[in-house]
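Trainee: First, the structure itself, so that you have it in front of you.
The values are calculated or read from the model by the stated rules, or taken from the named source; none is laboratory data. Keep in mind that what you see is a predicted model, and the values were worked out from it rather than measured. Positions of Cβ are backbone-derived with ideal geometry, glycine not excepted, and every protein chain shown enters the neighbour counts.
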Amino acid sequence: MKTLAVLLLFAIPTLAQVHVTPQAKAIHDSAIVIDTHADTTQFFLDPNFDLAKPPLDLHLDLNKAKQGNLGAEFFSIWVEPTLYPGQYAHRTLQLIDSVYQQARKHPDKMMMAFSVAGPTFPSTVKWWSCWNERTAWSVPGPKARSAWSGCPS
């Protein structure tokens, strides 16, 4: 265990010194970044939780999403069977509703998407990203785009 701790002490300063070339940054900035699994929803059930200002340093918050060029997030809904016996459906619906609540809190930074269909990408993967001056979030097709003022109709 002492060896692991010493190795981590030497590794942490090295990780902080990572240099990203302008070409690598340009590639990342132009990419469609999609995260297909975020366990953050468990925190959403706290009535004071705000994805824009989380009280803890979580893997995901709105600022990190913007900095990482995150275009879409799949929030995981998981009910721990040992903590919520017999309450699986109720807890599941609470978690799903908590995602909607965060989207309602931040309509300028995130929205619910129910489809990947869009005009930008032909073939089986179709995605349309709506950019505003703050960040990009997935938008599901023309009807939703025209309903959201940050997107072109």
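Trainee: Give me a count of the residues in the range 85-95 that are free of Cβ contacts under 8 Å to residues at least 40 places away in the same chain and surrounded by 14 or more Cβ atoms within 10 Å (Cβ to Cβ).
Mentor: Result for the range 85-95: 2.
Trainee: Select, from Ala5, Ala24, Ala11, the only residue that is over 23 Å from Ser115 (Cα atoms), at pLDDT 90 or above and assigned to a helix (DSSP H, G or I). If you could, list the steps in order and put the result at the bottom.
Mentor: Numbers: Ala5 fails: at pLDDT 90 or above; Ala11 fails: at pLDDT 90 or above.
Every option except Ala24 fails the conditions.
Trainee: So the check is Cβ under 8 Å with 6+ separation or different chains; which pairs have a first residue in the range 31-50 that's free of Cβ contacts under 8 Å to residues at least 60 places away in the same chain and closer than 18 Å to Thr92 by Cα and a second one that's surrounded by 13 or more Cβ atoms within 10 Å (Cβ to Cβ) and among the small types (Gly, Ala, Ser)?
Mentor: His37/Ser76; Ala38/Ser76; Asp39/Ser76; Thr41/Ser76; Thr41/Ser98; Phe44/Ser98; Leu45/Ser98
Trainee: Check off (1) loosely packed, with under 11 Cβ neighbours inside 10 Å; (2) touching a helix residue (DSSP H, G or I) at 6+ places or on another chain (Cβ under 8 Å) for Thr82 and give me the number that stays unchecked.
Mentor: Every condition holds for Thr82 apart from (2).
Trainee: Hey, Leu70 hits all of (1) modelled with pLDDT of 90 or more; (2) over 30 Å from Ala24 (Cα atoms); (3) hydrophobic (A, V, I, L, M, F, W, C) but one; which does it fall short on?
Mentor: With (1) modelled with pLDDT of 90 or more; (2) over 30 Å from Ala24 (Cα atoms); (3) hydrophobic (A, V, I, L, M, F, W, C) applied to Leu70, the lone miss is (2).
Trainee: Still on this structure, I have one more. Any chance you could count how many residues in the range 28-49 are part of a loop (DSSP other than H, G, I, E, B) and either aliphatic (A, V, I, L, M) or under 13 Å from the mean Cα position of the chain (by Cα) (or both)?
Mentor: Adding up the residues that qualify gives 5.
Trainee: Here is a list: Pro54, Pro142. Which entry is modelled with pLDDT under 90, in contact with an Asp or Glu (Cβ under 8 Å, 6 or more places away or on another chain) and surrounded by 14 or more Cβ atoms within 10 Å (Cβ to Cβ)?
Mentor: Pro54
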